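Engineer: Mind looking over this structure? Questions follow.
The values are calculated or read from the model by the stated rules, or taken from the named source; none is laboratory data. Worth saying up front: this structure is predicted, and the values here are computed from it rather than measured. Methodologically, a virtual Cβ is constructed for each residue, glycine included, from the backbone with ideal geometry; neighbour enumeration extends over all protein chains shown. Accessible surface is based on the protein model in full, side chains and every heavy atom, while ligands, DNA and RNA are left aside. Shrake-Rupley method; radii C 1.70, N 1.55, O 1.52, S 1.80 Å.
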Amino acid sequence: MVLHSFTGAPDGLFPYGGLVLDSGHNLYGATEFGGSVTYGSGIVFKLDKSGKETLLYTFGVADGAPTASVVLDSLGNVYGTTENSGGSCFEGCGTVFKLDQTGTLTFLHLFTGPPDGEYQRHPCFWMRRASFTARLPPVELREMEQYLD
């Protein structure tokens, strides 16, 4: 059974990352493309049990494109990475973002290239003490923990 078929605009295209499940049995994920235009910079979405999609955020060119799974915290905030935007690399080096329940996107970290990191195609994941990492060196991880709820 197919729960949802992505069409590009406005509902996203190429959901490369996996899905996460909340306590209400809704699925969350991101697409690399789609959104405002078919080959836009992607979206963060929620699917309910019936397959109805809710667009939580549409990425613009300056935001980067999500290319990995997202994670949820206990308050319903969504965290993820983008492979571009951010620091000084061509088209940006990538970001770690937080999307709160009001739909506000906050960049928690802008990658600046080696040795900091670039073009994140890896998902964030939860660790002990309700912190997370996006395959960051320990210094950047400690700096990012201040942003967690």
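Engineer: Is it fair to say residue 80 is closer than 24 Å to residue 110 by Cβ, crowded, with 21+ Cβ neighbours inside 10 Å and touching a residue at least 40 places away in the same chain (Cβ under 8 Å)?
Structural biologist: yes
Engineer: Give me the residue from segment 91-114 that is assigned to a loop (DSSP other than H, G, I, E, B) and under 14 Å from residue 65 (Cα atoms) and, out of that set, modelled with the highest pLDDT.
Structural biologist: 111
Engineer: Name the residue that is most open to solvent (accessible area, probe 1.4 Å), counting only residues in segment 7-16 that are out of contact with any strand residue (DSSP E or B) (no Cβ under 6 Å at 6 or more places or on another chain) and part of a loop (DSSP other than H, G, I, E, B).
Structural biologist: Looking at residues that are out of contact with any strand residue (DSSP E or B) (no Cβ under 6 Å at 6 or more places or on another chain) and part of a loop (DSSP other than H, G, I, E, B), I get 16.
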